[in-house]
């Protein structure tokens, strides 16, 4: 087994070999918490939550860090607009972000450092860069000297001389137009901290360099983020850290594709979550929140977190995701395939798939020595799934294999007539149960099928079940009396309100879609 990852720095797929054997450090750039989260904010966390799950399944000890930027020009502007402190805005929006992550099943994050909790580390980092001649103080602002880094621009394939710096007062204090801020001198009415260069606050790029060093060390394995962060943010992070430590900051730079709205070339999320940093300009092609990026909480309430997560993972992480609610609904309908299969297996075996022990490692899940034609097919499909995940975490391709698994199990059930209890053999039931357990094994690597769906409970739900049993009896009686028009009418009317009737040889069942 060899995992290969695409490295943005080298523009090639490389064998994955951690800096420290057996251990993996991942740093993912998180949000600037000044507005409620939109679905674009969920893309990176869902992807790297999945990557961590897969690496741990393969025996690695993984630490996943996602930072929170809680000091920034946009945060300050929002606090002034609302008449509350910057800290209050950040706390409110961080809570919103965490809630949405939880609803999408993102629970693999180990640490979420905040910039304002790491000011001492940031100041120390800036001081080291000044001492090494890579940064300079200019009237209370500290800038990184890009000409001191001979490798500057390698990540984004840009030359220092290609850059056009920001105008105004900042430009007058720089040695080179492309130099960027490490520390910004205080302005009236804005939050600030004491430093050797006077009161001020950190620049954006230095925050991530300082926080990643404190938690993961001077050199770590994977740095992730959206493609829009390659330049300037990750280019500048890399320059700061490489120059400070004289070793590569990151071994593998991994960047996920962005999300755009259907019928739009722009990125979901409106303008950049950051102010343009000192010397950067960009084309504003991003769509506004009113065109689909906002309302994440309401979207999750309508569609459910697992459906949205599945929708995000159906595309290879380096590809663009085209957002539409219709696309999420389509993904949800496909995902229902597995709910129906698990219910079918439970009817046959008498046990819930969710009650089976969850397979959590590659070795434990091997099926090579399992008897039976079904399990031989399952072993081949499982191998295909894992091969695709080994190849740069290709979730989109791997998902096709779990659908093939579901089709294989359903076909076997039909061929062996396992819905009829008189036709079942213990060996066939064991094969079906083990095969369904494999689907759950692979699904949990994607963050799917981890916990049992919420079941009906309480007096109201018991009453609903009683009513549905009565409706099923009425429909059954209509069919026995050859009143198929009434039986079909009942079925169709229930379908319109989201209730499906499933007929089997041992009776009918109902489920809410």
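The values are calculated or read from the model by the stated rules, or taken from the named source; none is laboratory data. Predicted model only: the values in this text are computed from it and were never measured. Cβ: placed from backbone, ideal geometry, glycine included. Neighbour counts: every protein chain shown.
Of the residues making up the stretch 180-195, not a single one is closer than 30 Å to residue 43 by Cα and in a loop (DSSP other than H, G, I, E, B). Among residues of the stretch 213-230 that are in the same structural domain as residue 41 (by TED's automatic domain parsing) and surrounded by fewer than 22 Cβ atoms within 10 Å (Cβ to Cβ), those with a Cβ under 7 angstrom from a residue that is at pLDDT below 95 and in a strand (DSSP E or B), sequence gap 6+ or separate chain, pair up as 228/267. Residues of the stretch 336-366 that are buried (at least 20 other Cβ atoms within 10 Å of the Cβ) and modelled with pLDDT under 95: none at all.
Is one or more of the residues making up the stretch 401-415 modelled with pLDDT under 95 and either surrounded by fewer than 16 Cβ atoms within 10 Å (Cβ to Cβ) or within 38 Å of the chain's Cα centre (by Cα) (or both)? No: zero hits.
Taken together, the criteria place residue 450 among residues that are under 23 Å from residue 305 (Cβ atoms) and touching a residue at least 12 places away in the same chain (Cβ under 8 Å). Among residues of the stretch 54-67 that are within 25 Å of residue 438 (Cβ to Cβ), those with a beta-carbon under 6 Å from a residue that is assigned to a helix (DSSP H, G or I) at least six positions away or on a different chain give the pairs 54/389; 54/445; 57/445; 62/52; 62/55; 62/56. Among all positions in the stretch 244-252, there is at least one residue which is surrounded by 22 or more Cβ atoms within 10 Å (Cβ to Cβ), in a loop (DSSP other than H, G, I, E, B) and at pLDDT 95 or above.
Criterion applied to 447, 372 was being buried (at least 16 other Cβ atoms within 10 Å of the Cβ), at pLDDT below 95 and touching a helix residue (DSSP H, G or I) at 6+ places or on another chain (Cβ under 6 Å), and the one residue passing it is 372. Here residue 424 meets each of (1) surrounded by 15 or more Cβ atoms within 10 Å (Cβ to Cβ); (2) touching a residue at least 40 places away in the same chain (Cβ under 8 Å); (3) closer than 23 Å to residue 332 by Cα with one exception, condition (3). Filter the stretch 330-356 for residues that are closer than 30 Å to residue 261 by Cα and in contact with a helix residue (DSSP H, G or I) (Cβ under 7 Å, 6 or more places away or on another chain) and give the result. Listed by number, the residues that qualify are 331, 332, 335, 337, 338. Among the residues of the stretch 99-124, the ones that are part of a helix (DSSP H, G or I) and closer than 18 Å to residue 72 by Cβ come to 8 in all.
Would you mention how many residues in the stretch 320-356 are in contact (Cβ under 8 Å) with a residue 24 or more places away in the chain and outside any helix (DSSP H, G or I)? Final tally of qualifying residues: 8. Does residue 207 satisfy the criteria of being closer than 24 Å to residue 117 by Cα, modelled with pLDDT under 95 and either in contact with a helix residue (DSSP H, G or I) (Cβ under 7 Å, 6 or more places away or on another chain) or not assigned by TED's automatic domain parsing to the domain that holds residue 52 (or both)? It is false that residue 207 is closer than 24 Å to residue 117 by Cα, modelled with pLDDT under 95 and either in contact with a helix residue (DSSP H, G or I) (Cβ under 7 Å, 6 or more places away or on another chain) or not assigned by TED's automatic domain parsing to the domain that holds residue 52 (or both). In the set (1) free of Cβ contacts under 8 Å to residues at least 24 places away in the same chain; (2) more than 21 Å from residue 190 (Cβ to Cβ); (3) surrounded by 14 or more Cβ atoms within 10 Å (Cβ to Cβ), the condition left unmet by residue 95 is number (3).
Of the residues screened, residue 387 is one that is without any contact (Cβ under 8 Å) to a residue 60 or more places away in the chain and either out of contact with any strand residue (DSSP E or B) (no Cβ under 6 Å at 6 or more places or on another chain) or more than 23 Å from residue 306 (Cα to Cα) (or both). Scanning the stretch 184-200 for residues that are within 36 Å of the chain's Cα centre (by Cα) and in contact (Cβ under 8 Å) with a residue 60 or more places away in the chain yields 190, 191, 193, 200. Here 183, 197 are screened, and the one residue that is surrounded by fewer than 23 Cβ atoms within 10 Å (Cβ to Cβ) and either in contact with a helix residue (DSSP H, G or I) (Cβ under 6 Å, 6 or more places away or on another chain) or more than 14 Å from residue 73 (Cβ to Cβ) (or both) is 197. Going by the conditions given, is residue 44 under 26 Å from residue 362 (Cα atoms) and either assigned to a helix (DSSP H, G or I) or at pLDDT 95 or above (or both)? Yes. Restricted to the stretch 468-513, and to residues there that are part of a strand (DSSP E or B) and free of Cβ contacts under 8 Å to residues at least 40 places away in the same chain, the residue that is farthest from residue 330 (Cα to Cα) is 507. Scanning the stretch 54-75 for residues that are surrounded by 20 or more Cβ atoms within 10 Å (Cβ to Cβ) and assigned to a helix (DSSP H, G or I) yields 54, 55, 57, 75. With respect to residue 27, determine if the residue is within 30 Å of residue 324 (Cα to Cα), in contact (Cβ under 8 Å) with a residue 12 or more places away in the chain, within 20 Å of the chain's Cα centre (by Cα) and crowded, with 21+ Cβ neighbours inside 10 Å. Yes: the conditions hold for residue 27.
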